Structure formats: structure tokens, C-alpha cells
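Novice: Quick one: structure below, then a few questions.
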Amino acid sequence: MEPITTVTSTSIPLMRENIDTDQIIPKQFLKNILKVGYGKNLFFDWRYVAPNKPNPDFILNKPERQGAEILVTGDNFGCGSSREHAVWALKDWGFKVVIAGGYSDIFYMNSTKNGVLAIILPEDQRKILAAVAPDAEITVDLPNQEVRYEDYTFPFDIDPLWKHKFINGLDDIAITMGYEDQIENYEANIPSYN
């Protein structure tokens, strides 16, 4: 997993409530078993008016919004089915951080396990961030647990274990491999019953 400490980037406001995983990545795109290649179909039903014909009015298609790494959105983001592909699509498009009013539990855990920092902020703070100009940058400072924009500073909570994992770029496999010597020692001392 790529470490995340501080992300300073432009943002995309998508202030809709209850955006479910089928809206994030529709079911017809779930055939790929890799974690890449989903970004082009992120928010497919909103991004395209026909296959391969982008909707010019949808914010992800706006030229001035390209390259944004921070998504600011509504409450209950990632509800619906438990598809991990939704996080893969967000990450593949380029998002490193999602700031919402809340998440479904499964989506939140999928985000943390796949290197997308999911932050919860109240609506009044998200409205300020959603109004940021397309070329203005927001800073997400994970070590200090702050979202900053101009004179605004919004603190956020995160479990200390997840904070440690993000800052150090550790997923569950990397943490397990940190015990490789102990695992090998244990396996070498398992009695044989042949």
C-alpha cells in the first residue's frame, strides 16, 4: 500500500447523499479480478450519456477538475452492496481521500484496506470544502489529523492503528510479513507425526 501522510490537491465536490456502490461502479464492470482498470467506469451512469460519450455536465468530466485526489461528498457514502471494486474504482481514478458525512461499515473497511483515506466531517465543514474553486487546493494532514483550506482547519478522528497503517503504507499482509522470522521459527518447530 502506498503511504499517505499529507495530501495537498484540488478536489471534486459530489454532494449527494446515499451514493451506493452500484453508482460508484455498476455491476457490469465487476468482471475484472485486478485492482486496476476501474477508474474509467467510476460513476458510469452519471459520467456517460451513452457508451463512450461523456456527459459534459458531470463534474468528473470537467477539464478543470482532472487530477483531483480529494472527493468531498454527502452522508452514507458507499452504502449498498459490499463490493470492494467501488474502492478500487475510486483509487484507480486517482482519489486518495474521500471526505463524507459517514460511510457504510463495509465500504469504510474496504477503503482502509485498499489505501483510500476515508474521513468523516460534519455537513457545515463539507459545504465549505465543496465550495472550493476548481484550482484551489485542500490539504489533508494525516499525522495531525486535520483538513485545511485557507484559514479553515477541520480536525478529524481516525483509529490509531489505521493511522499507523496509512502513514507507513502497511496493509494486513505487510504487517503479517513483519512476523516472518517468528512464523518460520514456529513452522520449523512443529512436530512431525509421520
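Novice: Considering only the stretch 108-118, state which residues are under 9 Å from the mean Cα position of the chain (by Cα) and among the hydrophobic types (A, V, I, L, M, F, W, C). I'd like the intermediate steps shown before the answer.
Specialist: Within the stretch 108-118, the first condition is being under 9 Å from the mean Cα position of the chain (by Cα), and the residues that meet it are 108, 110-112, 114-118.
Result: V116, L117, A118.
Novice: Also, quick follow-up: May I ask you to list the residues in the stretch 89-133 that are under 19 Å from M1 (Cα atoms) and either acidic (D, E) or not in a helix (DSSP H, G or I) (or both)?
Specialist: Selection gives D92, G94, F95, K96, V97, V98, N114, G115, V116, L117, A118, I119.
Novice: Do the conditions hold for A86, that is, is it part of a helix (DSSP H, G or I) and either surrounded by 21 or more Cβ atoms within 10 Å (Cβ to Cβ) or small (G, A, S) (or both)? Before the answer, list the steps.
Specialist: On the way: part of a helix (DSSP H, G or I): yes; either surrounded by 21 or more Cβ atoms within 10 Å (Cβ to Cβ) or small (G, A, S) (or both): yes.
Judged against the criteria, A86 is a match.
Novice: Right, something else. From the list D171, D157, which residue is modelled with pLDDT of 95 or more and either surrounded by fewer than 20 Cβ atoms within 10 Å (Cβ to Cβ) or of a type in the set (G, A, S) (or both)?
Specialist: When all the criteria are applied, what remains is D157.
Novice: Residue check: is P3 surrounded by fewer than 14 Cβ atoms within 10 Å (Cβ to Cβ) and over 14 Å from the mean Cα position of the chain (by Cα)? Quick ask: steps written out before the conclusion?
Specialist: Numbers: surrounded by fewer than 14 Cβ atoms within 10 Å (Cβ to Cβ): yes; over 14 Å from the mean Cα position of the chain (by Cα): no.
No: the conditions fail for P3.
Novice: Further question: Any idea how many residues of the stretch 129-149 are in contact (Cβ under 8 Å) with a residue 12 or more places away in the chain and out of contact with any strand residue (DSSP E or B) (no Cβ under 8 Å at 6 or more places or on another chain)? Give the derivation first.
Specialist: From the stretch 129-149, those in contact (Cβ under 8 Å) with a residue 12 or more places away in the chain are 129-132, 134-143, 145, 147, 149; that's our starting set.
Checking the rest, the ones that are also out of contact with any strand residue (DSSP E or B) (no Cβ under 8 Å at 6 or more places or on another chain) come to 134-135.
Here the count works out to 2.
Novice: Moving on to the next point. Condition check: out of contact with any Cys (no Cβ under 8 Å at 6 or more places or on another chain) and under 28 Å from Y149 (Cβ atoms). Does A50 satisfy that?
Specialist: Details: out of contact with any Cys (no Cβ under 8 Å at 6 or more places or on another chain): yes; under 28 Å from Y149 (Cβ atoms): no.
Answer is no for this residue.
Novice: Also, I was wondering about something else. Under the condition of being in contact (Cβ under 8 Å) with a residue 40 or more places away in the chain and surrounded by fewer than 20 Cβ atoms within 10 Å (Cβ to Cβ), which residue from the stretch 113-128 is nearest to D151 (Cα to Cα)?
Specialist: K127
Novice: Checking I4 against (1) outside any loop (DSSP other than H, G, I, E, B); (2) touching a Lys or Arg at 6+ places or on another chain (Cβ under 7 Å); (3) not charged (D, E, K, R), which test does it fail?
Specialist: Of everything listed in (1) outside any loop (DSSP other than H, G, I, E, B); (2) touching a Lys or Arg at 6+ places or on another chain (Cβ under 7 Å); (3) not charged (D, E, K, R), I4 misses just condition (1).
Novice: Only one of (1) in contact with a strand residue (DSSP E or B) (Cβ under 6 Å, 6 or more places away or on another chain); (2) of a type in the set (A, V, I, L, M); (3) assigned to a helix (DSSP H, G or I) is not met by I167, so which one is it?
Specialist: (1)
Novice: Kindly indicate the residue of the stretch 134-154 that is of a type in the set (A, V, I, L, M, F, W, C) and in a loop (DSSP other than H, G, I, E, B) and also surrounded by the most Cβ atoms within 10 Å (Cβ to Cβ) among those meeting that condition.
Specialist: So, considering only residues that are of a type in the set (A, V, I, L, M, F, W, C) and in a loop (DSSP other than H, G, I, E, B), the one surrounded by the most Cβ atoms within 10 Å (Cβ to Cβ) is L142.
The values are calculated or read from the model by the stated rules, or taken from the named source; none is laboratory data. Please read all numbers here as calculations on a predicted model, not as lab measurements. No Cβ is skipped: glycine too gets one built from the backbone with ideal geometry, and neighbour counts run over all protein chains shown.
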